[in-house]
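Each reported figure results from applying straightforward, stated rules to the coordinates on display, with no laboratory input. A quick note: this is a predicted structure, and the numbers were derived from the prediction, not measured. With ideal geometry, Cβ positions are generated from the backbone for all residues, glycine too; neighbour counts draw on all protein chains shown.
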Amino acid sequence: MSTLAEQVAKGCADLAKTFRGPAAFSRGDQLVRASHSIVSNIAEACGRGSVAEFRRFLLHSRGSAQEVLAQLRMVEPANEDQGRLVKVLQSRTALILKMLNRLYANPPPDR
């Protein structure tokens, strides 16, 4: 899951570079920060010693993933390539959400 989250973060950074118009920088910055937060919170969850702490950071990651989806829904693609990238990022982020929900419900046995 972490690799998938890293792919989404890199894809969001690439997408943000293509933003144009009013508030392009702030929209891109918000998308990039939220996508990086998914990865960071998964990593932090894995470093925690209790199930409660593990789950808490998964919830932070899940919130960031929801934010990424919201930001992606607001993108008005300028061309077909950008539109395809948005769709891919949306589907991968939705998959991350499913994986986070499953991991939250079934933490690893060593927690």
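List of remarks:
- Close pairs (9 angstrom Cβ cut-off, 6 or more residues apart or separate chains): in contact (Cβ under 8 Å) with a residue 12 or more places away in the chain in the stretch 60-79, among the aromatic types (Phe, Trp, Tyr) and part of a helix (DSSP H, G or I) anywhere: Arg62/Tyr104
- For the stretch 63-111, taking the residues that are among the charged types (D, E, K, R) and over 19 Å from Ala5 (Cα atoms), the one that is surrounded by the most Cβ atoms within 10 Å (Cβ to Cβ) is identified as Arg111.
- Inter-residue pairs, beta-carbon under 9 Å, first in a loop (DSSP other than H, G, I, E, B) and in the stretch 87-111, second surrounded by 14 or more Cβ atoms within 10 Å (Cβ to Cβ) and aliphatic (A, V, I, L, M), 6+ apart: Pro107/Leu58
- Residue, surrounded by the most Cβ atoms within 10 Å (Cβ to Cβ), within the stretch 20-34, restricted to residues that are free of Cβ contacts under 8 Å to residues at least 40 places away in the same chain and in a helix (DSSP H, G or I): Ala34
- Given (1) of a type outside the set (Val, Ile, Thr); (2) free of Cβ contacts under 8 Å to residues at least 40 places away in the same chain; (3) buried (at least 18 other Cβ atoms within 10 Å of the Cβ), index of the condition Lys17 fails: (3)
- Any hit, the stretch 39-47, residues being within 19 Å of Gln66 (Cβ to Cβ), touching a residue at least 24 places away in the same chain (Cβ under 8 Å), polar (S, T, N, Q) and surrounded by fewer than 19 Cβ atoms within 10 Å (Cβ to Cβ): no
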